[in-house]
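**Q** I'd like to ask you about the structure that follows.
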Protein chains: 2
Amino acid sequence: MMDLHRLRLLREVHGRGTVHGAARALGYSPSAISQQLAVLERETGTRLLERVGRNVRLTAAGEVLVRHATALLEGVEAAEAELAAVAAGRVAGVVRIASFQSAFIRVVAPAIRSLATTHPDIRVEAAELEVEQAAPALRLQQLDVMVGDEYDGQPRAVHTDLHRQHLLREQIRVILPEDHPEAAADRVPLRQLADLPWAACQPATGHREMHVRVCRELGGFEPDIRYSSDDFLILLELVRTTGAGALLPDLVIGAGAPGVAVRLPAEGDVGRAVFLLTRRTRTPAVAAVADALAAAASEH
Amino acid sequence: MMDLHRLRLLREVHGRGTVHGAARALGYSPSAISQQLAVLERETGTRLLERVGRNVRLTAAGEVLVRHATALLEGVEAAEAELAAVAAGRVAGVVRIASFQSAFIRVVAPAIRSLATTHPDIRVEAAELEVEQAAPALRLQQLDVMVGDEYDGQPRAVHTDLHRQHLLREQIRVILPEDHPEAAADRVPLRQLADLPWAACQPATGHREMHVRVCRELGGFEPDIRYSSDDFLILLELVRTTGAGALLPDLVIGAGAPGVAVRLPAEGDVGRAVFLLTRRTRTPAVAAVADALAAAASEH
DNA sequence: ATCATTCGTTCAGCTTAGCTTCACAATGCT
DNA sequence: AGCATTGTGAAGCTAAGCTGAACGAATGAT
């Protein structure tokens, strides 16, 4: 078992370039450093230092080891910091979140904001990422929380080894140009919109499949999807400027969208569920983040 | 400074749930474990264990520490493994590459293939990622090598702290439907293609800007970009099926594309440079990967 | 060319971290 | 109640790891 103390000495020698310098910096005699590094070489069966002039330089193997050493020592510092925070009764740690766009804006961002005051020792890292890519990352510990969506009638893959928590349910709205004749009524019959050009996400996405399915089942027509983008905000903008229609969940609309009409389909309700996924064993920090996300979601 | 040995004992106790079990497993007396953990508690100023019945259980702080401990111990194992490989004269380590799509297929993938035999101890992780996002990741050590592209006349941001290495230069080709009248000649005058619908990448990408600029400068017209995707293979398919045109670099074409005509613009040459970026201090493993990428690139 | 200085390493000697053994209190099974 | 099993503490021993002195090699000043 490699010893951290020896690695610290090695790193210091690498940083200062001389054994004496490292000894002075760490409050040891040069002899101690030399002996410990000799032990490290014996343990690993590798030459780590070579003399050059009256100084020493690390060998290639030494460089390799020093890289790992710095990483490990940083890890120790992180451990000490988190432990100190936990000991003081606060929840701490790094939590990495992945989310799709609209939940990112409406749920994740507000949650991060409130966590900054309720749990200042939790460092949240967030990225926009698709659900399908995120599940493996969750298992590999590269990710701690992921926020996913699931349209009615299009169940996602079930991950029995992961913990799923419901966040919110929302309605799918019909988005029309303000001056569209059908925009007068509160509920819009989809079958009247068979000739409308549509804006939707790229093929092979949940939203695109939902769009096509809803038009077929409730509207009885094949939609003419003329514009596509995976960016919901762009879809909204496309409706406003090109006069196309769109089917968008509540989260995208938020408080309301200027320049477009937001209606419900007359034929029936279509919904979307938003949920979060974590590993089954939650750290306190992950639990706190999950709670904050649930609270932010309940605002909608 | 926290000691790895104590952390190992803590982890073992956590895993087995009893001090005696951990002692048996590690070949110590139970007393030794107990004493070392007491020292750890004193050092950190935290209670890590609590008695439950005649066994012990970790406190919340203990759980936190044990999580860091396992990560650190894994790090030590990785260090030992890499050091052993290096000592045996082989180059080892984990190298993370980011690349854009076409270089991924034509350069990165073949390089990975050849590295598997020339350097079996290098573990290569590769992801498709855009250049602009990758430079910060490179600095943060989340990434080791990135492959980027640069169209003539559209220089990328200069990163003086990173090392840039030229990989290859390629021509931009005019891709036409096979039955297009201009496809008869070897070199196609762009000005004859002013009325052609075009397929190109999304707005605000290097390729899209190049496309518009080339049409304006060499062709003297504003292109009617009707189809857009950031996936070059989709663009190629769009040309084959919809009859649109495209401007694509050699790497996308590869050995040749069935069903379309690949020509050069008559008005002059447009090129694209492909390069790689690493941090200035390269580890042997990163250097080996860079060499393999350069070799794979020289095939084109 | 010579000498003083600085460097890294080695050896002897000492201190103490860390182990074992033994003893003891607390718990749970029969 | 009796007994095995658990975790912890005290005493004592071994060896890891430190200091200080001595030595050879390299460098820079004179």
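**Q** Of all residues in the stretch A:87-113, which are within 13 Å of chain B (Cβ to nearest Cβ) and free of Cβ contacts under 8 Å to residues at least 24 places away in the same chain? Break it down into steps so the answer makes sense when it comes.
**A** Within the stretch A:87-113, the first condition is being within 13 Å of chain B (Cβ to nearest Cβ), and the residues that meet it are A:87-96.
Selection gives A:A87, A:A88, A:G89.
**Q** Checking the condition over 20 Å from B:V147 (Cβ atoms), among the charged types (D, E, K, R) and out of contact with any helix residue (DSSP H, G or I) (no Cβ under 8 Å at 6 or more places or on another chain), which residue from B:D269, B:D250, B:D291 passes?
**A** Matching residue, one of B:D269, B:D250, B:D291: B:D269.
**Q** Within the stretch B:3-27, can you find the residues that are in a loop (DSSP other than H, G, I, E, B) and within 11 Å of DNA strand C (Cβ to nearest atom)?
**A** At the first step, the residues of the stretch B:3-27 found to be in a loop (DSSP other than H, G, I, E, B) are B:3, B:17-18, B:27.
B:D3, B:G27, listed by residue number.
**Q** Given the residues A:A246, A:A295, A:A285, which is the only one that is in contact (Cβ under 8 Å) with a residue 60 or more places away in the chain, within 30 Å of A:V86 (Cβ to Cβ) and open to solvent by less than 10 Å² (accessible area, probe 1.4 Å)?
**A** Checking each option against the conditions leaves just A:A285.
**Q** Let me ask another. Considering only residues that are among the hydrophobic types (A, V, I, L, M, F, W, C) and over 41 Å from the mean Cα position of the chain (by Cα), which ones fall in the stretch B:7-21?
**A** Selection gives B:V19 alone.
**Q** In addition: Considering only the stretch B:1-13, state which residues are within 10 Å of chain A (Cβ to nearest Cβ) and either near DNA strand D (Cβ under 10 Å from one of its atoms) or touching a Cys at 6+ places or on another chain (Cβ under 9 Å) (or both).
**A** Across the stretch B:1-13, the qualifying residues are B:D3, B:H5.
**Q** Hey, another quick one. Return the residues of the stretch A:151-162 that are buried (at least 16 other Cβ atoms within 10 Å of the Cβ) and at pLDDT 90 or above; say none if nothing qualifies. Break it down stepwise before answering.
**A** Here is the first cut: in the stretch A:151-162, the residues buried (at least 16 other Cβ atoms within 10 Å of the Cβ) are A:151, A:156.
If the condition is that a residue be buried (at least 16 other Cβ atoms within 10 Å of the Cβ) and at pLDDT 90 or above, then A:Y151 is the only one that fits.
**Q** Only one of these is more than 16 Å from DNA strand D (Cβ to nearest atom) and outside any strand (DSSP E or B): B:A32, B:A98, B:A38, B:A81. Name it.
**A** Result: B:A81 is the single residue among B:A32, B:A98, B:A38, B:A81 that is more than 16 Å from DNA strand D (Cβ to nearest atom) and outside any strand (DSSP E or B).
**Q** Same structure again: Counting only residues that are within 17 Å of B:F100 (Cα to Cα), give me the strands (runs of 3 or more DSSP E) lying completely in the stretch B:215-300 with at least 2 of them.
**A** On the way: elements: B:224-228, B:246-249, B:260-265, B:271-279.
Correct list: B:246-249, B:271-279.
**Q** In this structure, does A:I105 turn out to be among the hydrophobic types (A, V, I, L, M, F, W, C), surrounded by fewer than 18 Cβ atoms within 10 Å (Cβ to Cβ) and either part of a strand (DSSP E or B) or at pLDDT below 90 (or both)?
**A** Judged against the criteria, A:I105 is a match.
**Q** Residues of the stretch A:197-214 being open to solvent by 30 Å² or more (accessible area, probe 1.4 Å) and more than 19 Å from A:A273 (Cβ to Cβ), which ones? Even if it seems obvious, please write down each step before you answer.
**A** We begin by selecting, within the stretch A:197-214, every residue open to solvent by 30 Å² or more (accessible area, probe 1.4 Å); these are A:202-205, A:208-209, A:213.
Within the stretch A:197-214, A:Q202, A:P203, A:A204 qualify.
**Q** Go through the stretch A:28-51 and count every residue that is of a type outside the set (D, E, K, R), without any contact (Cβ under 8 Å) to a residue 24 or more places away in the chain and either within 8 Å of DNA strand C (Cβ to nearest atom) or not assigned by TED's automatic domain parsing to the domain that holds A:V66 (or both).
**A** Qualifying residue count, the stretch A:28-51: 6.
Residue by residue, here is whether (1) within 20 Å of B:Q133 (Cβ to Cβ); (2) at pLDDT 90 or above; (3) not hydroxyl-bearing (S, T, Y) holds:
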| site | (1), (2), (3) |
| --- | --- |
| B:G206 | yes, no, yes |
| B:F221 | no, yes, yes |
| B:L276 | yes, yes, yes |
| B:T281 | no, no, no |
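**Q** Right, next: Residue under question is A:R16, and the condition is that it be within 16 Å of B:G75 (Cα to Cα), open to solvent by 30 Å² or more (accessible area, probe 1.4 Å), more than 12 Å from DNA strand D (Cβ to nearest atom) and without any contact (Cβ under 8 Å) to a residue 12 or more places away in the chain; does it hold?
**A** The answer is no for A:R16.
**Q** Take B:A25 and tell me if it is within 9 Å of DNA strand D (Cβ to nearest atom), without any contact (Cβ under 8 Å) to a residue 60 or more places away in the chain and either crowded, with 21+ Cβ neighbours inside 10 Å or more than 9 Å from chain A (Cβ to nearest Cβ) (or both).
**A** On the way: within 9 Å of DNA strand D (Cβ to nearest atom): no; without any contact (Cβ under 8 Å) to a residue 60 or more places away in the chain: yes; either crowded, with 21+ Cβ neighbours inside 10 Å or more than 9 Å from chain A (Cβ to nearest Cβ) (or both): yes.
Considered against the rule, which asks whether it is within 9 Å of DNA strand D (Cβ to nearest atom), without any contact (Cβ under 8 Å) to a residue 60 or more places away in the chain and either crowded, with 21+ Cβ neighbours inside 10 Å or more than 9 Å from chain A (Cβ to nearest Cβ) (or both), B:A25 comes out as no.
**Q** Something else now. Out of all the residues in the stretch B:55-71, which are away from DNA strand C (no atom under 16 Å from the Cβ), hydrophobic (A, V, I, L, M, F, W, C) and in a helix (DSSP H, G or I)?
**A** B:A60, B:A61, B:V64, B:L65, B:V66, B:A71
**Q** Separate question: Being facing chain A (nearest Cβ under 9 Å) and buried (at least 19 other Cβ atoms within 10 Å of the Cβ) is true for just one of B:A69, B:A78, B:A84, B:A60. Which residue is that?
**A** B:A69
**Q** Something else: Output the residues belonging to the stretch A:28-55 that are more than 12 Å from every other protein chain (Cβ to nearest Cβ) and of a type in the set (S, T, Y).
**A** A:Y28, A:S29, A:S31, A:S34
The values are calculated or read from the model by the stated rules, or taken from the named source; none is laboratory data. The shown structure was predicted, so the numbers you read here are calculated from the model rather than taken from an experiment. Counting neighbours? That spans all protein chains shown, and the Cβs are built from the backbone with ideal geometry, glycine included. The accessibility values were calculated without ligands, DNA or RNA, using every heavy atom of the protein model including side chains. Shrake-Rupley method; radii C 1.70, N 1.55, O 1.52, S 1.80 Å.
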